[in-house]
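Student: Pasting in a structure now, in structure tokens, and then I'll have a few things to ask.
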């Protein structure tokens, strides 16, 4: 069974540029999560989807971050415009509701 | 929100040694997971253990939910065990995972 797939694995951009990350969850998992991991820290949730509905986006900086999960499968997380402080690893995870979460390999973002 | 504390923050072992990592949490949980983050950043699931005891090879884990702590045991450590070990919990009221700060394990040959 394939795991959580993310792309790209690495991204380097200039500040003020837009950037987008893509995630394909494990087949059949209805819950999808985006986490951000800063250097030396544990991941922190940005947004959680149940099917296509965002049910927890309290930690998402809505002035510059947006996310979508069309048709309740793949998801895209976007930052526009990026700031220096957005440099981090962006992790996607999926699960059956109320169950064990599985993480993708992450996208390492560097903002110059 | 719920607080998660892991100890020790750093641990250096010789190959073959045993170790115990601890995770304390401040509220009731419906999900507790242990992860190993390898040098490439991948979070590898070790245990899904909101309560009870599980074993997988040289690793085992115990969660005592009523006392709000979990322990991860690593026996006969190998150099490939090196990396950061995270404990993460999901509160009863929702399913986001709150992570601890991690334990950085280094196993020397």
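The values are calculated or read from the model by the stated rules, or taken from the named source; none is laboratory data. Because the structure is predicted, anything quoted here is derived from the model rather than measured. When we count neighbours, we look across all protein chains shown, and the Cβ atoms used for this are built from the backbone with ideal geometry, even at glycine.
Student: May I ask you to verify whether residue A:91 is assigned to a strand (DSSP E or B) and more than 9 Å from chain B (Cβ to nearest Cβ)?
Tutor: On the way: assigned to a strand (DSSP E or B): yes; more than 9 Å from chain B (Cβ to nearest Cβ): no.
So residue A:91 does not fit the description; no.
Student: Report, by residue number, each residue of region A:4-28 that is in a loop (DSSP other than H, G, I, E, B), surrounded by fewer than 19 Cβ atoms within 10 Å (Cβ to Cβ) and more than 10 Å from chain B (Cβ to nearest Cβ). Quick ask: steps written out before the conclusion?
Tutor: Kept after step one, since they are in a loop (DSSP other than H, G, I, E, B), are these residues of region A:4-28: A:4, A:8-9, A:14-18, A:25-28.
Filter once more, so that each one left must be surrounded by fewer than 19 Cβ atoms within 10 Å (Cβ to Cβ): A:8-9, A:14-18, A:26-28.
A:8, A:14, A:15, A:16, A:17, A:18, A:26, A:27, A:28 - these are the residues of region A:4-28 that are in a loop (DSSP other than H, G, I, E, B), surrounded by fewer than 19 Cβ atoms within 10 Å (Cβ to Cβ) and more than 10 Å from chain B (Cβ to nearest Cβ).
Student: Among the numbered criteria (1) more than 14 Å from the chain's Cα centre (by Cα); (2) buried (at least 16 other Cβ atoms within 10 Å of the Cβ), which one does residue B:80 miss?
Tutor: Of the numbered conditions (1) more than 14 Å from the chain's Cα centre (by Cα); (2) buried (at least 16 other Cβ atoms within 10 Å of the Cβ), the odd one out for residue B:80 is (2).
Yes or no, residue by residue, for (1) touching a helix residue (DSSP H, G or I) at 6+ places or on another chain (Cβ under 8 Å); (2) at pLDDT below 95:
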| position | (1), (2) |
| --- | --- |
| A:51 | yes, yes |
| A:65 | no, no |
| A:72 | no, yes |
| A:78 | no, no |
| A:88 | no, no |
| A:95 | no, yes |
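Student: Within region B:40-62, can one find any residue that is farther than 24 Å from residue A:89 by Cβ, part of a helix (DSSP H, G or I), free of Cβ contacts under 8 Å to residues at least 24 places away in the same chain and away from every other protein chain (no Cβ under 13 Å)? Spell out the reasoning first.
Tutor: Within region B:40-62, the first condition is being farther than 24 Å from residue A:89 by Cβ, and the residues that meet it are B:49-62.
This time we only want the ones that are part of a helix (DSSP H, G or I), so: none.
No, region B:40-62 has no match at all.
Student: Restricting the search to region B:63-77, which residues are touching a residue at least 60 places away in the same chain (Cβ under 8 Å) and surrounded by 13 or more Cβ atoms within 10 Å (Cβ to Cβ)? Give the steps one after another, and end with the answer.
Tutor: Here is the first cut: in region B:63-77, the residues touching a residue at least 60 places away in the same chain (Cβ under 8 Å) are B:76-77.
Listed by number, the list holds a single entry, B:77.
Student: Among the residues of region A:71-82, are any part of a strand (DSSP E or B) and within 11 Å of chain B (Cβ to nearest Cβ)? Give the steps one after another, and end with the answer.
Tutor: First, pick out the residues of region A:71-82 that are part of a strand (DSSP E or B): A:75-79.
Checking the rest, the ones that are also within 11 Å of chain B (Cβ to nearest Cβ) come to none.
No; the residues of region A:71-82 include none that is part of a strand (DSSP E or B) and within 11 Å of chain B (Cβ to nearest Cβ).
Student: Taking region B:63-109 as the search range and keeping residues that are in contact with a helix residue (DSSP H, G or I) (Cβ under 8 Å, 6 or more places away or on another chain) and closer than 27 Å to residue A:38 by Cα, which one is nearest to the other protein chains (Cβ to nearest Cβ)?
Tutor: Residues of region B:63-109 that are in contact with a helix residue (DSSP H, G or I) (Cβ under 8 Å, 6 or more places away or on another chain), as a first pass: B:74, B:105, B:107-109.
From what's left, closer than 27 Å to residue A:38 by Cα: B:74, B:105, B:107-108.
Values: B:74: 19, B:105: 15, B:107: 20, B:108: 21 Å.
Result: B:105.
Student: I've got another one for you. When the residues of region A:38-58 are filtered to those that are facing chain B (nearest Cβ under 9 Å) and crowded, with 21+ Cβ neighbours inside 10 Å, which remaining residue is farthest from residue B:89 (Cα to Cα)?
Tutor: A:48
Student: Taking residue A:61 as meeting all but one of (1) touching a residue at least 12 places away in the same chain (Cβ under 8 Å); (2) in a loop (DSSP other than H, G, I, E, B); (3) surrounded by fewer than 18 Cβ atoms within 10 Å (Cβ to Cβ); (4) more than 14 Å from chain B (Cβ to nearest Cβ), write down the number of the exception.
Tutor: It is condition (1) that residue A:61 fails.
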